[in-house]
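Computed from the coordinates by the stated procedures, all read-outs in this text should not be read as laboratory data. Since the model is a prediction, treat every value here as computed from it, not as a measurement. Quick reminder, even Gly has a Cβ in these numbers, built from the backbone with ideal geometry, and neighbours come from all protein chains shown.
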Amino acid sequence: MAPKPSIISIVACLMPEMGIGSNGQLPWRLKQEMAYFRQATTNTFGKDTRNAVVMGRKTWESIPAKFRPLQNRINVVVSRQHSEELAPLAPLDSTGSTVWLSNSLTRCLELLPEQVPNLERIYVIGGGEIYAQTSSLCDYMLITEIRPEDEAKRPSMDTFLDSNVVNERFQREESLRGFFPANVKLPESPQIRENGYVYEFALYKVRKAKDQ
Ligand code: NDP
């Protein structure tokens, strides 16, 4: 039997409060962060496997129409207005992407491995409501830890992760080494400076039972 796909939240946070959004959008534009997100969620260790990206209806709507569905990934959009627990909207297109709809976040995470063949990883890609409900279901979190270069230019945020929950359940690993297939290009020095921000890609892993 194929191993159960890991469930991984991937999120960019303004530290230390873990702000993730403002006015339904991201307040920053970070090209290298976007490239990392694309590579991390798309590439697989297996030759014939693929990943799914699961998102809330509002996050789906925040992606510019020309960029969705996200290519080469199974896109799953959850909304209580959908009629099915999990159903494809259309077959795989020429870019290897497709959209599935689900009216239940927990059921979709259970059903995806049963219904999508050769599924390697399930990436939970937001937003706030979805991260809050999946923190107890995820095996890992990939957090891009962002800080403003100039504190006076710190943007105000209105959507946050619960940093207490993150720190209680997960432990920050020293490195990302080995977590991704080799074709995911990671920066040579951990800190990236771009557009007035300094940021770092970090891996958080569920603490062992005795540590919790
Ligand atoms: P979400 O993207 O989390 O979507 C919320 C919607 O998802 C709900 O309104 C509902 O849709 C649906 N939903 C929620 N829970 C369930 C469930 N259990 N079962 C079925 N459907 C469910 O919205 P948020 O407003 O919380 O987050 C959006 C914000 O997050 C934006 O600011 C965005 O930019 C930011 N964001 C930030 C990221 C980052 O990495 N920093 C990544 C992604 C988003 P319906 O109302 O249709 O029923």
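To the nearest 10 degrees, how steeply does helix 105-115 sit against the main Cα axis of the chain, on a 0 to 90 scale? Once rounded, one gets 50 degrees. Which of Ser104, Pro181, Tyr204 sits farthest toward the positive end of the charge dipole of the chain, with +1 on the Cβ of Lys and Arg and -1 on the Cβ of Asp and Glu? Value: Pro181. A Cβ-based charge dipole, computed about the Cα centre of the chain with Lys and Arg at +1 and Asp and Glu at -1, lands at about 320 debye.
Report, for region 6-211, the % of DSSP beta bridges that are antiparallel, rounded to 5.
Values: 21 of 46 bridges.
In region 6-211, DSSP labels about 45 percent of beta bridges as antiparallel.
Taking packing as the residue-averaged number of other Cβ atoms within 10 angstrom, the listed peptides 154-163, 179-188, 54-63 run from highest to lowest as 54-63, 154-163, 179-188. Please report the base-10 log of the normalised intensity I(q)/I(0) for the chain, using a Debye sum with one equal scatterer per alpha carbon and no solvent, at each q in 0.13 (1/Å). Listed by q, the Debye log ratios stand at -0.74. Compared with the direct C-alpha span, the chain from Ser83 to Ser104 gains 6.6 nm at full extension, assuming 0.36 nm per residue. Just to confirm the number: angle between the C-alpha axis of helix 31-42 and the first principal axis of the chain, 0 to 90 degrees, nearest 10? Tilt relative to the chain: about 30 degrees. Rg then Dmax, both in Å and based on the Cα atoms of region 80-184: 17.1, 49. Listed cross-link partners Lys31/Lys185; Lys4/Lys208; Lys31/Lys153; Lys58/Lys205 are compared with a 23 Å cut-off, the Cα-Cα value being larger for Lys58/Lys205.
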